[in-house]
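Data first, discussion second: the structure below is written as structure tokens.
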Amino acid sequence: MNVFKIFIVTFFALSSTFVYAQTQPLVAKKNDAGLYIDHTVNPKEGIYAIGRLYNVHPKSIAGFNKIDINKGLNIGEVIKVPLEAANFSQTNTTGTPVYYVVGDKDGLMKVSNFANKLTLQKIRDWNQLSSDNLNVGQNLVIGYIQSAELAKVAPKTLPVSKQVEVKPKEDTHPVEVVKAEVIEPVKTETVAVKETPKQEVAQPVVKETVKVEEPKVQPKTVAAAPAGGDGYFAASFAAQTKQSTADNNETVTSGIFKTSSGWQDAKYYLLIDKVQAGKIVRITNPNNNKTIYAKVLGEMSSIKQNQGLNVRISNAAAAALGITDSDKFIVNVNY
């Protein structure tokens, strides 16, 4: 029992770390109330924890989002965090940078008007612009969040002039594609044309890197499915059924919780009541008959946000099952 408690506490402690390990550069948005950034609620996270993270009073967050400060938040809910004088500076150049993503036909004046009339010269200086010509998808610094807590978990700042070409280390899948495409031109050079080998190697590397690194904002829907077939725990399920048959078959309503696990190692997890932690469960999407195997981390009933759901599966597990609905969906479980 003590081992089980330690396992669950470790899981929830790591879950918030997983989210920040995947954090992308903070992108500013704007509505009638002013500038803000989006924050996706993590397990065990409330409005006070979000306030501490971004150095903004919880009442400001509640008022900006028009929600009750005493009401709990739902896992996966997107909260608008206001950028105000208490936590956002456009004079200091220290802190966690906030970016404006350049759109089609955007110029420096449009960026200035969006960013509280930030001077054109500051935009040029902060972003090391050699000219006023902007590229679609380019990230421009427009201010800095003043928060010691956020500085501990925010991604390292990259030179703004390199934003289109270089992504943070977290984006592991595009990096793997680039490596594969760099190797191919080298083989072509050895076997084929000997007169111009340097041209054949150099051109594909530059062009393909830009294409692969194009996305700047993670979509709200479930990400692309990771490699790994049925998953890391498939063999464990087979061994488990040799000791006791998998007689329990249920069709249940499921939701998703976010972790960074499973995208490379195909280790999938779930929360479910009345099943021992560590047990392996077979999960099937009835819409396409895709199946994966996931390890039980803990129960559902003790968490308020789980009302209306029978299970929650990790986001990598949902992606492997081909599920695109990030709210509620039906799966079959067998254990």
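Laboratory data are not the source of any read-out in this text; all were calculated from the coordinates shown. These figures come from a predicted structure and were not determined experimentally. Using ideal geometry, Cβ is built from the backbone for each residue, glycine included, and neighbour counts are taken over all protein chains shown.
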Only Lys, Arg (+1) and Asp, Glu (-1) charged, at Cβ; the range 234-334 dipole about Cα centre in debye: 160 debye
Where labels lie 7 Å past Cα in the beta-carbon direction, separation of Lys29 and Asp327 in nm: 1.6 nm
Three-way shape call for the range 234-334 based on the alpha-carbon gyration tensor, with the a/c threshold at 1.5: rounded
R0 of 30 Å, Cβ-Cβ distance Ala85-Asn133: FRET efficiency to nearest 0.05: 0.40
Separation in nanometres of the label points that stand 7 Å from Cα toward Cβ, at Lys59 and Arg124: 4.3 nm
Point-charge dipole on Cβ atoms (K/R +1, D/E -1) for the range 117-158, about Cα centre, debye to 20: 60 debye
Over 18 Å (Cα to Cα) - which of Lys29/Lys152; Lys30/Lys117; Lys44/Lys328; Lys258/Lys328; Lys66/Lys258; Lys66/Lys328 fall in this group: Lys29/Lys152; Lys44/Lys328; Lys66/Lys258; Lys66/Lys328
Modelled FRET efficiency - R0 25 Å, Tyr48 with Lys117, Cβ distances, 0.05 increments: 0.15
Ala239 versus Lys290: modelled label distance in nm, points set 7 Å from Cα along the beta carbon direction: 2.7 nm
Size of electric dipole in the range 19-161: Cβ of Lys, Arg +1 and of Asp, Glu -1, about Cα centre, debye, nearest 20: 140 debye
Tensor-based shape of the range 19-161 (alpha-carbon gyration tensor, a/c under 1.5 rounded, otherwise prolate or oblate): prolate
R0 of 45 Å, Cβ-Cβ distance Thr94-Lys274: FRET efficiency to nearest 0.05: 0.30
